[in-house]
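Structure first, commentary second.
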Amino acid sequence: MNRTSLLLLMLVLALPITSQQYTGFFDFSWDDEKGKLLLEVKSPGEEFIYVNSLVTGVGSNDLGLDRGQLGSTRLVRFEKTGEKILLIQSNTRYRAISENPAEVKSVKEAFAESVLWGFKIEEKKNGSYIIDLSPFLLRDAHNVTSRLKSNKQGSYKVEKERSAVYLDNTFSFPDNSEFEALITLTGEPEGSELRSVTPSPQEVSVRQHHSFVRLPDDNYRPREFHPFSGYYSMSFADYATPIQESMQIRYITRHRLEKRNPDAVLSEPVEPIVYYIDPGCPEPVKSALMEGAAWWNEAFEYAGFQNAFHVRELPDGAHPMDVRYNIIQWVHRSTRGWSYGSSVTDPRTGEIIKGHVSLGSLRVRQDFLIAQGIMSPYSGVAENDDPMTEVALARLRQLSAHEVGHTIGLVHNFTASVNDRASVMDYPHPYIKLDDGQIIYEDAYDIGIGIWDKRAILYGYKHFTEDIDEKEALSKIIKETKSLGLLFMADSDSRPPGSVHPQAHLWDNGSSAIDELKRINQLRSSALNRIGLHSIKEGVPYSELEKVLVPVYLMHRYQAEAVSKIPGGMYYSYSVKGDEEVNTLTEVPIDMQKAAVKALLETAKPALLKIPQHIVDIIPPPALGYSRDRESFKGHTGLAFDPISPAEAYINDLYGWMLNEERLARIQRLHSYTLSEYLENIIESIFEDYGSDHIEMSIAMQSQKGLVYRLIQLSLHANDKQVAAIAHYQLEQLKDSYLTVLTGPIDRIAHIDYLGNVISKSMAEPDKWKMPQPITMPPGAPIGCGGFHEMD
């Protein structure tokens, strides 16, 4: 090489690199000088999947903007129109599955599509079109601004000068291209949530991710949805179906799993399902999460697959939002929040392409706190955290399995607790036992996959050879599952306040809700008597005892809610014609309804709701540097701990369950347990027990006020006017029976006089009646936005 050539080479090497080339599903380049990401569109009209997601979170449960949150999944295509390239989202909800192109076209033209973006053609190259993708990436694709505005946190907009393509996480692979951008939103903050989690709430910067994904091949075979199968469904209207058949087509959502040896009873898969754990997850949490997720291998083996489900640590350099990876992500927020399982699903078929689990990191600390309050273990110099840690890690194993269950297609099963904890897809309450005064915690959470889970995986993933009638085989699986006595109820039939089924509950235990409530009340009383100086560690202010007290005092809340569904409850199932089961509604026997009412009213007794005095005596106002928060009891006494308000809060929720208007309307319609008798039983129990001391009398009087307020509200505003009429009648009877004789302590006389006047005024001037705002219980379930698969 001559001197001139060497100098030229050195000069070239010294020049800055202004362009980076990426090849893969989409080829593109980055022009550093112009700040453009130039994408090559080779095949206009060819559909692919587009997914947006949030890489970095805002950190507030209330806002629901978490690290690793999946956004929308869309079927899209690029189309050339003149000198533009349009990105168009197809309408997959309305179709015509037909060999007739004109019929397909007629449906497609009948329903609107959505043009997501328009691009100017920068260059034409060998039949391809070069567009600048940067403006598309530098927008608020995840609608963070909308979420902030709807949560009254302020009006924000994208600040383009402070936003940029994030090249470190921009890649292209044979079947997917991944893009990322740092988006800065600017505005004036209005609410406290955003201020509490951002260093400068006028500027909120997050990273948003975009995935362009090649469509899966046509070898995947969608599986028919059955209401009893336990799966999420994806549906669309097929206008090509014959008029005698339903046009609504429903498929279950599931991963593709194929046998390597289709004729073998037990076979290795062609490709296993692999989930990857967040490497940022600490030990021993990481091991617990991996162990719980791996439980699913047992269910797949039950369905005929050997070593079909794997859990590994995410490789170095892999991006959690890359659609090639199913992820279990450890997510931090400012307060404990929901965990959830989401999926990227082929909008055409229901095939799950990517499962993504988000586990809230503070959940484990709440489980530790519950166990700490029940055990009160800090009695010696050597403090032993092991028992509480074991309970918390056992819950994490179950939670990991639960959320992965969502991402392999399964919905909640909130009757599993009735079947001896038959499914990890239930919400479990810790089953801690009391044996001769000793706390037994080893069985707090179940271990392994339940029989319901195995049956559900059998329905969704079992391989059928060509000679098998799949529809008939699936029907047989459903019948066999029911013959095992397994029950199934999902969210809509289980969540309060209006749920109907008496066995579909969240956070409960036991085959008999009533018996379990009695058992847990005994455990609660024992734990309350144990709470004291041994409940907190050395160096912790005594005022922090109040936070330990909360979950112990309210440990029966969800079991009581379960019992409250028995009055006015009805048994039914998700049967379809042909299941050899007639789906008839059956009322809960009247004796069981009355037993439930009695058990619930026992929890309202002043003696049970009274906090032991030895606890009250050692809880001072919050120490300097510490404070109450929304997970603390609210009260009426300022800085001092209010020993009455916890009872008031519980009673308020109890009335909310028992006097739910829809429940009362069902009781009135069924009429075996008449609504008048139901209300009379409640009134009699609440008004005939004033307790044995001043504190218990104060609790009783708060309870009576709350009941009167609820009855007035029903009498004036119940939509069902017969419910209103009976509530009005019972108020009159209550006034005549309990509010006429002014005797006893002056507090009680004042209370009776007050209630009589409240009832009279509400009846005389109903338009002026406003129900007093009750004190509410601290949250028991995770806090914040729950609009995801979980809602756990």
Seminar exercise, completed: ILE85 passes all but one of the listed conditions (1) modelled with pLDDT of 95 or more; (2) hydrophobic (A, V, I, L, M, F, W, C); (3) over 40 Å from the mean Cα position of the chain (by Cα); the exception is number (3)
Exercise. Which residues, counting only those in region 148-166, are open to solvent by 40 Å² or more (accessible area, probe 1.4 Å) and touching a strand residue (DSSP E or B) at 6+ places or on another chain (Cβ under 9 Å)?
Worked result: LYS149, SER155, LYS157, VAL158, GLU159, LYS160, GLU161, ARG162, ALA164, TYR166
Exercise. Can you tell which of SER196, SER211, SER200 is within 26 Å of the chain's Cα centre (by Cα) and surrounded by fewer than 19 Cβ atoms within 10 Å (Cβ to Cβ)?
Worked result: SER196
Exercise. Is at least one residue of region 632-650 within 23 Å of LEU523 (Cβ to Cβ), of a type in the set (Phe, Trp, Tyr), open to solvent by less than 30 Å² (accessible area, probe 1.4 Å) and in a loop (DSSP other than H, G, I, E, B)?
Worked result: yes
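Matching residues to (1) of a type in the set (A, V, I, L, M, F, W, C); (2) touching a Ser or Thr at 6+ places or on another chain (Cβ under 8 Å); (3) within 30 Å of LEU523 (Cβ to Cβ):
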residue: PRO430; (1), (2), (3): no, no, yes
residue: LYS433; (1), (2), (3): no, no, yes
residue: GLN438; (1), (2), (3): no, no, yes
residue: ASP443; (1), (2), (3): no, no, yes
residue: ASP446; (1), (2), (3): no, no, yes
residue: ILE457; (1), (2), (3): yes, no, no
residue: ALA473; (1), (2), (3): yes, no, no
residue: LYS476; (1), (2), (3): no, no, no
residue: THR481; (1), (2), (3): no, no, no
Problem set entry | Some residue of region 603-610 being closer than 30 Å to ARG663 by Cα and either in contact with a strand residue (DSSP E or B) (Cβ under 8 Å, 6 or more places away or on another chain) or among the acidic types (Asp, Glu) (or both) | no
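Only one of SER29, SER43, SER60 is farther than 30 Å from VAL76 by Cα, at pLDDT 75 or above, not aliphatic (A, V, I, L, M) and not in a helix (DSSP H, G or I); which? Please lay out each step first, then the result.
Numbers: SER29 fails: farther than 30 Å from VAL76 by Cα; SER43 fails: farther than 30 Å from VAL76 by Cα.
Being farther than 30 Å from VAL76 by Cα, at pLDDT 75 or above, not aliphatic (A, V, I, L, M) and not in a helix (DSSP H, G or I) holds for just one of SER29, SER43, SER60, which is SER60.
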Exercise. Would a scan of region 717-731 turn up a residue that is farther than 25 Å from ILE667 by Cα, assigned to a loop (DSSP other than H, G, I, E, B) and at pLDDT 90 or above?
Worked result: no
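Could you check how many residues of region 339-361 are part of a loop (DSSP other than H, G, I, E, B) and closer than 18 Å to MET290 by Cα? If you could, list the steps in order and put the result at the bottom.
Here is the first cut: in region 339-361, the residues part of a loop (DSSP other than H, G, I, E, B) are 339, 346-350, 361.
Retained after the next criterion (residues that are closer than 18 Å to MET290 by Cα): 339, 361.
Adding up the residues that qualify gives 2.
Return the residue satisfying two criteria in turn: it lies in region 711-740 and is of a type in the set (D, E, K, R) and open to solvent by less than 60 Å² (accessible area, probe 1.4 Å), and of such residues it is farthest from ILE651 (Cα to Cα).
ASP720
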Exercise. Out of all the residues in region 35-52, which are more than 16 Å from THR92 (Cα to Cα) and of a type in the set (A, V, I, L, M, F, W, C)?
Worked result: LEU37, LEU38, LEU39, VAL41
Seminar exercise, completed: For strands (runs of 3 or more DSSP E) lying entirely in region 120-219, having 1 or more residues that are among the hydrophobic types (A, V, I, L, M, F, W, C) and touching a Phe, Trp or Tyr at 6+ places or on another chain (Cβ under 8 Å) picks out 128-132, 176-187, 203-213
Exercise. Out of all the residues in region 529-539, is one or more at pLDDT below 95, exposed (fewer than 15 other Cβ atoms within 10 Å of the Cβ) and among the acidic types (Asp, Glu)?
Worked result: yes
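Just for region 579-631: of the residues that are of a type in the set (Asp, Glu) and open to solvent by 50 Å² or more (accessible area, probe 1.4 Å), which one is nearest to the chain's Cα centre (by Cα)?
First, the residues of region 579-631 that are of a type in the set (Asp, Glu): 579-581, 587, 591, 602, 617, 629, 631.
If we keep only those that are open to solvent by 50 Å² or more (accessible area, probe 1.4 Å) as well, we get 580-581, 587, 591, 602, 617, 629.
Numbers: GLU580: 34, GLU581: 32, GLU587: 30, ASP591: 35, GLU602: 31, ASP617: 38, ASP629: 22 Å.
Of everything passing the filter in region 579-631, ASP629 is nearest to the chain's Cα centre (by Cα).
Picking from THR4, THR23, which residue would you name as being at pLDDT below 95 and farther than 30 Å from PRO199 by Cα? Step through it out loud before you land on a result.
On the way: THR23 fails: at pLDDT below 95.
After ruling out the rest, the residue left standing is THR4.
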Seminar exercise, completed: Result of the Cβ filter at 9 Å on region 730-741, keeping first residues that are touching a residue at least 40 places away in the same chain (Cβ under 8 Å) and partners that are open to solvent by 60 Å² or more (accessible area, probe 1.4 Å) and part of a loop (DSSP other than H, G, I, E, B), at least 6 apart or interchain, is TYR738/GLU688
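When you go through LEU517, LEU458, LEU474 one by one, which is the residue that is at pLDDT 95 or above, closer than 21 Å to MET592 by Cα, more than 20 Å from the chain's Cα centre (by Cα) and not basic (Lys, Arg)?
Numbers: LEU458 fails: closer than 21 Å to MET592 by Cα; LEU474 fails: closer than 21 Å to MET592 by Cα.
Just a single option satisfies the conditions, and that option is LEU517.
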Exercise. Quick one: is SER379 among the small types (Gly, Ala, Ser), open to solvent by less than 10 Å² (accessible area, probe 1.4 Å) and over 19 Å from VAL364 (Cα atoms)?
Worked result: no
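Residue-by-condition table, conditions (1) modelled with pLDDT under 95; (2) farther than 20 Å from ILE85 by Cα; (3) of a type in the set (Asp, Glu):
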residue: GLU113; (1), (2), (3): no, no, yes
residue: LEU116; (1), (2), (3): no, no, no
residue: PHE119; (1), (2), (3): no, no, no
residue: GLY127; (1), (2), (3): yes, no, no
residue: ILE130; (1), (2), (3): no, no, no
residue: SER134; (1), (2), (3): no, no, no
residue: ASN143; (1), (2), (3): no, yes, no
residue: LEU148; (1), (2), (3): no, yes, no
Exercise. Just wondering, is there one or more residues in region 683-703 that are within 42 Å of the chain's Cα centre (by Cα), assigned to a loop (DSSP other than H, G, I, E, B) and of a type in the set (A, V, I, L, M, F, W, C)?
Worked result: no
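Given the structure, is ARG260 free of Cβ contacts under 8 Å to residues at least 40 places away in the same chain, under 23 Å from ILE353 (Cβ atoms) and surrounded by fewer than 20 Cβ atoms within 10 Å (Cβ to Cβ)? Show your work before the answer.
Numbers: free of Cβ contacts under 8 Å to residues at least 40 places away in the same chain: yes; under 23 Å from ILE353 (Cβ atoms): yes; surrounded by fewer than 20 Cβ atoms within 10 Å (Cβ to Cβ): yes.
Yes.
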Exercise. Of all residues in region 299-344 being among the aromatic types (Phe, Trp, Tyr) and more than 25 Å from the chain's Cα centre (by Cα), which is least open to solvent (accessible area, probe 1.4 Å)?
Worked result: PHE305
Exercise. Of the residues that sit in region 494-514 and are surrounded by fewer than 16 Cβ atoms within 10 Å (Cβ to Cβ) and over 26 Å from ILE432 (Cα atoms), which one is farthest from the chain's Cα centre (by Cα)?
Worked result: GLY498
For this session: Kindly indicate which of GLU180, GLU159, GLU190 is farther than 15 Å from VAL206 by Cβ and in contact (Cβ under 8 Å) with a residue 24 or more places away in the chain.
Result: GLU190
Seminar exercise, completed: Taking region 382-432 and keeping only residues that are within 22 Å of GLU561 (Cβ to Cβ), assigned to a helix (DSSP H, G or I), open to solvent by 10 Å² or more (accessible area, probe 1.4 Å) and of a type in the set (A, V, I, L, M, F, W, C), one is left with VAL418
Problem set entry | Residues satisfying the stated conditions in region 71-111, i.e. open to solvent by 80 Å² or more (accessible area, probe 1.4 Å), under 27 Å from SER235 (Cβ atoms) and not in a helix (DSSP H, G or I) | ARG93, ILE97, GLU99
Problem set entry | Residue pairs meeting the criteria (Cβ under 9 Å; at least 6 apart or on separate chains; first in contact (Cβ under 8 Å) with a residue 24 or more places away in the chain and open to solvent by 20 Å² or more (accessible area, probe 1.4 Å), in region 553-575; second outside any loop (DSSP other than H, G, I, E, B) and polar (S, T, N, Q)) | MET570/THR586; TYR571/THR586; TYR572/THR586
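The values are calculated or read from the model by the stated rules, or taken from the named source; none is laboratory data. Just so it is clear, the structure is predicted and the values come from calculations on it, not from any experiment. All Cβ positions, even for glycine, are placed from backbone atoms using ideal geometry, and neighbour counts span all protein chains on display. Heavy atoms of the whole protein, side chains included, go into the accessibility calculation; ligands, DNA and RNA do not. Shrake-Rupley method; radii C 1.70, N 1.55, O 1.52, S 1.80 Å.
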